[in-house]
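Chemist: Just dropping this structure here.
The values are calculated or read from the model by the stated rules, or taken from the named source; none is laboratory data. Fair warning: this is a prediction, and the values are worked out from it, not measured in the lab. For neighbour counting, all protein chains shown are included, and Cβ atoms are generated from backbone atoms with ideal geometry for every residue, glycine included. Just so you know, the surface numbers come from the protein's heavy atoms only, side chains and all, with ligands and any DNA or RNA stripped out. Shrake-Rupley method; radii C 1.70, N 1.55, O 1.52, S 1.80 Å.
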Amino acid sequence: MLMTYITKKHDYVATLDEKESPADEKSANVERLLVRTTKLTTVTIKLYRLMIVVRMAIFVLFFKWRISTALAMTSNGTSTARAMWTVSIAGELWFALMWVLDQLPKMQTVRRTVFATALEESLLPTMDVFVTTADPDKEPPLVTVNTILSILAADYPPDKLTCYVSDDGGALLTREAVVEAARFAGLWVPFCRKHGVEPRNPEAYFSHGVKVRVVSRADYKGRSWPELARDRRRVRREYEELRLRVDALHAGDVQRPWRSRGTPEDHAGVVEVLVDPPSCTPEPGVSGNLLDLSSVDVRVPALVYMCREKRRGRAHHRKAGAMNALLRTSAVLSNAPIILNLDCDHYVNNSQALRAGVCLMLDRGGSDVAFVQFPQRFDGVDPADRYANHNRVFFDCTELGLDGLQGPIYLGTGCMFRRAALYSIDPPLWWSHGDSDAGKDVAAEADKFGVSTPFLGSVRAALNLNRSEQRNTGTSPPCSSDAAAVGEATALVSCGYEDRTAWGREIGWIYGTVTEDVATGFCMHRRGWRSAYCATAPDAFRGTAPINLTDRLHQVLRWAAGSLEIFFSRNNALLAGPRLHPLQRLAYLNTTVYPFTSIFLLVYCLLPAIPLVTRSATMSAFSTNMPPSSTYITFVAALMLTLAMVAALEVRWSGITPGEWWRNEQFWMVSATSAYAAAVVQVALKVLVGKEVAFKLTSKRRASGSGGGGVVKGRFAELYAVRWTVLMVPTAVVLAVNVASMAAAVQERRWRKGPAAVLATAFNAWVVVHLHPFALGLMGRWSKTLSPLLLLVVAFTILSLCFLLHLHML
């Protein structure tokens with residue numbers, strides 16, 4: 001059977017194809033049945049690897065010819081011509097380098113099949129789930145409530161699950177909404193267990209406007225189908241009342257900070273256990289007025305509300321600081337060896353997802369897995385996915401490809417961690433032979449972890465558990481919710497606890513960048529840990545994505561700026577030690593330098609403006625009149641052909657659709673000419689003058705309403721809203737320049753000037769087609785009826801008719 005193995009120096013993932021007899025399979029340990037890892041060896045993937053090698057060879061030949069030609073042509077040329085040639089070749093080299101960095105890490109792709117049902121319940125470790133929220137205006141409390149309810153109702157032993165909610169804004173509204181969720185969970189969780197409904201997010205389950213999975217009559221395992229229908233009506237009525245109460249809180253005068261004189265950036269710390277830990281034995285319910293729960297386990301997992309202390313003048317480190325506060329709080333209350341990180345809008349869409357992630361850590365060889373990353377899927381995205389919110393190319397190609405190396409990159413949400421890995425210890429693979437006490441004294445280092453004795457004891461317990469059990473099946477200390485433990489947890493979330501410690505530098509989530517997720521995952525990979533990619537069917541988690549152009553550009557700006565911050569920090573992939581796989585290093589390098597592409601892309605896209613604004617003979621000749629040689633045309637044709645073949649093969653082996661691939665290409669052009677350029681400027685200011693990168697929280701408001709077509713249109717109203725931002729300026733200029741250049745080419749009949757002018761016009765059209773989604777965004781509601789491409793076709797048709805009429809008159 002297929003199993004995973006790893007080597008000592010590099011964490012290669014491969015497969016063993018030896019076949020076992022039925023007797024051997026019966027005697028095999030259950031861990032050998034949890035995960036099957038298969039290295040892709042199909043004809044498609046082999047052709048894909050071959051075409052990558054072929055295109056790299058063409059690159060070498062092309063640049064050898066290109067540089068020699070440039071030297072010959074500029075030997076007696078002007079300084080302007082030499083500068084133009086230098087910029088052109090530098091841009092081509094950069095584009096080639098980025099393509100290579102993107103493709104090489106995908107050449108060892110594997111697929112994993114998880115057998116969650118093979119995992120005995122007694123082997124499941126305890127788990128802490130972290131939910132983070134910061135602003136009740138941009139992250140509505142009802143969204144957070146639904147996420148909490150989906151976690152509490154997940155198919156996981158309730159006595160082994162604890163949900164922690166971090167309210168980083170200190171809003172009383174959020175706290176009261178979480179209390180309402182705790183009350184409703186007593187009805188919702190048993191209802192989900194009784195009828196096995198999916199998904200276990202009430203808003204999604206009761207919605208008619210969103211495609212959801214509701215148990216069918218044929219698959220229903222309850223006592224009677226009418227009972228499900230009756231219970232569903234009653235629970236829905238209770239949920240509607242919950243919605244009304246939360247809406248009333250939102251509308252009322254409760255958006256005050258937790259303390260009377262506090263603000264979102266200045267308030268005291270609070271830790272409150274809203275639902276006590278349940279007992280270890282099932283507790284059957286009773287037959288009440290609402291539901292008959294006499295045969296259902298009515299236990300609800302523990303729920304803890306946390307609001308860390310904030311004071312003006314102190315660095316709070318945004319989400320990374322909140323995650324580290326949750327890490328310390330949970331350590332003294334439950335100290336589960338496994339941690340699941342979810343944003344407040346990412347609900348559990350598949351109740352088996354938690355078990356599936358655990359399988360990858362309990363599997364043979366899983367002791368070196370630091371985290372399991374699930375793909376991010378989204379609700380409420382427009383059907384055409386205009387701004388590539390689903391990002392399938394990254395999740396289903398890049399992340400899947402990295403799973404064959406040291407594993408996927410950590411992406412901020414939908415990720416399951418091993419607690420010990422967050423404490424900056426080495427994985428078992430790199431422990432010295434015979435040294436079972438490796439890292440024994442780590443917990444005693446107060447200068448790293450802080451001075452809290454109970455917390456240091458919890459760290460020691462977590463590390464001992466990780467060392468003593470090669471498979472993490474041991475049980476952590478029972479969850480303690482007494483006053484002493486809560487008081488200690490409150491002290492651990494004080495804003496001064498991390499002073500003069502290694503928090504944010506070596507311990508926990510990493511500080512110094514707005515993309516703390518990438519930096520945190522990189523530090524784990526740098527120490528030799530692996531990660532795993534877990535794609536389930538149905539999707540494990542689902543969240544929200546910004547469908548408005550302005551919001552989407554600000555989101556991409558934050559990601560790009562954070563990536564550059566990592567590149568200019570001590571977490572640069574080029575500075576990592578030998579434990580990082582060479583191809584994994586290239587993947588991280590690509591992740592941190594891609595915004596620089598905007599510099600060369602803007603230059604290329606604005607070159608058509610040269611003949612429009614100047615009559616310089618040198619510039620004009622370089623841009624339009626220089627005849628391309630047959631060698632150049634041959635190289636361009638070969639590169640474009642191999643690019644198309646690699647893209648087609650990538651689409652085939654990854655399972656994405658050509659439309660998803662094309663949307664990704666289009667929005668890459670939009671991002672590279674806008675948000676990437678702004679990110680380069682922001683990080684340059686930070687490096688040169690110390691100006692911090694601005695952070696703007698992405699709105700997580702879900703579309704409301706269900707039912708008819710009018711409501712469906714209302715769900716996507718944000719798509720057509722035009723909110724002007726400076727990020728749109730460079731892209732709008734690029735679009736205008738290339739449209740004007742195409743119009744000038746038709747008006748001046750430039751195709752008569754030779755192949756160079758034809759290629760220039762083709763490049764203009766290539767840019768305009770890629771910026772089509774951006775043009776739609778600028779048109780707002782007019783884009784519903786008038787397409788920019790249609791307008792261009794009409795304009796060119798009119799120009800062509802005028803030109804023909806002019807010829808006829810001559």
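Chemist: Counting every Cα pair in segment 105-174, what percent are over 19 Å apart?
Modeler: Tail of P(r) above 19 Å: 54 percent of Cα pairs.
Chemist: From Cα coordinates alone, what are the radius of gyration and Dmax values for segment 557-607 in angstrom?
Modeler: 13.0, 44
Chemist: Here is a follow-up. I'd like the per residue volume of the convex hull spanned by the Cα atoms of segment 67-149, given in cubic angstrom.
Modeler: 227 Å³
Chemist: How big is the shadow of the Cα convex hull of segment 642-707, averaged over all directions, in nm²? All intermediate terms of the calculation are to be shown ahead of the outcome.
Modeler: Numbers: hull surface 32.9 nm².
With every direction weighted equally, the projected area is 8.2 nm².
Chemist: Quick one: which of K106/K696; K138/K686; K319/K696; K448/K686; K319/K700; K106/K700 span more than 22 angstrom between C-alpha atoms?
Modeler: K106/K696; K138/K686; K448/K686; K106/K700
Chemist: With a Cα-only, solvent-free Debye model of segment 265-341, what are the log10 I(q)/I(0) values at q = 0.11, 0.12, 0.21 Å⁻¹?
Modeler: Reported log10 I(q)/I(0), two decimals: -0.46, -0.53, -0.99.
Chemist: Considering only protein heavy atoms, with the full assembly of protein chains and a 1.4 angstrom probe, order K46, K700 by accessible area, largest first.
Modeler: K46, K700
Chemist: Any idea what diffusion coefficient segment 346-416 gets from Stokes-Einstein, in µm²/s, Kirkwood Rh on alpha carbon pairs, 25 °C, 0.890 mPa s?
Modeler: Estimated diffusion coefficient is 180 µm²/s.
Chemist: For the peptides 311-322, 484-495, 173-184, 61-72, what is the packing order when you average, over each peptide's residues, the other Cβ atoms within 10 Å and list the highest mean first? Working shown, then result.
Modeler: Values: 311-322: 17.1, 484-495: 19.4, 173-184: 22.1, 61-72: 13.8.
Order by mean packing, descending: 173-184, 484-495, 311-322, 61-72.
Chemist: Counting pairwise Cα distances across segment 294-383, what percent come out greater than 18 angstrom?
Modeler: The answer is 64 percent, as a whole percent.
Chemist: Based on the mean of other beta carbon atoms within 10 Å per residue, what is the order of 510-518, 543-551, 632-640, 765-773, most packed first?
Modeler: Top to bottom by mean Cβ count within 10 Å: 510-518, 543-551, 765-773, 632-640.
Chemist: Oh, and also: How much of the accessible area of segment 300-377, in percent, comes from carbon and sulfur atoms when a 1.4 Å probe is used?
Modeler: Values: 570 of 1370 Å².
Carbon and sulfur: 41 percent of the exposed surface of segment 300-377.
Chemist: On to the next question. Report ³J(HN,Hα) in whole Hz for each residue of segment 683-696, in order, from the Karplus equation J = 6.51 cos²θ - 1.76 cosθ + 1.60 where θ = phi - 60°; Gly and Pro get x.
Modeler: Calculated HN-Hα couplings, in order: 6, 4, 5, 5, 5, 7, 10, x, 6, 5, 6, 5, 10, 10 Hz.
Chemist: Using amide H atoms built 1.01 Å from N in the peptide plane, name the residues 5+ places from L293, or on other chains, whose amide H lies under 5 Å from its own.
Modeler: For L293, the qualifying residues are V286, S287, G288.
Chemist: For segment 139-178, what ratio Rg/Rh do Cα atoms give with a Kirkwood hydrodynamic radius?
Modeler: Taking Rh as the inverse mean 1/r over Cα pairs, Rg/Rh reads 1.02.
Chemist: Moving on to the next point. Using θ = phi - 60° and the Karplus form 6.51 cos²θ - 1.76 cosθ + 1.60, what ³J(HN,Hα) does each residue of segment 375-382 get, whole Hz, x for Gly and Pro?
Modeler: x, 8, 10, 9, 9, x, 7, 4
Chemist: Applying the Karplus parametrisation 6.51 cos²θ - 1.76 cosθ + 1.60 with θ = phi - 60° to the phi angles of segment 150-156, what ³J(HN,Hα) value in whole Hz is obtained for each residue in order, glycine and proline being reported as x?
Modeler: Going residue by residue, I get 5, 6, 5, 8, 4, 7, 8 Hz, with x marking Gly and Pro.
Chemist: Hey, could you pull the Cα Rg and Dmax for segment 513-609, both in Å?
Modeler: In order Rg, Dmax, the Cα atoms of segment 513-609 give 16.5, 50 Å.
Chemist: Which order do the peptides 340-347, 681-688 take when ranked by the mean count of other beta-carbon atoms within 10 Å per residue, highest first?
Modeler: Answer by packing, highest mean first, reads 340-347, 681-688.
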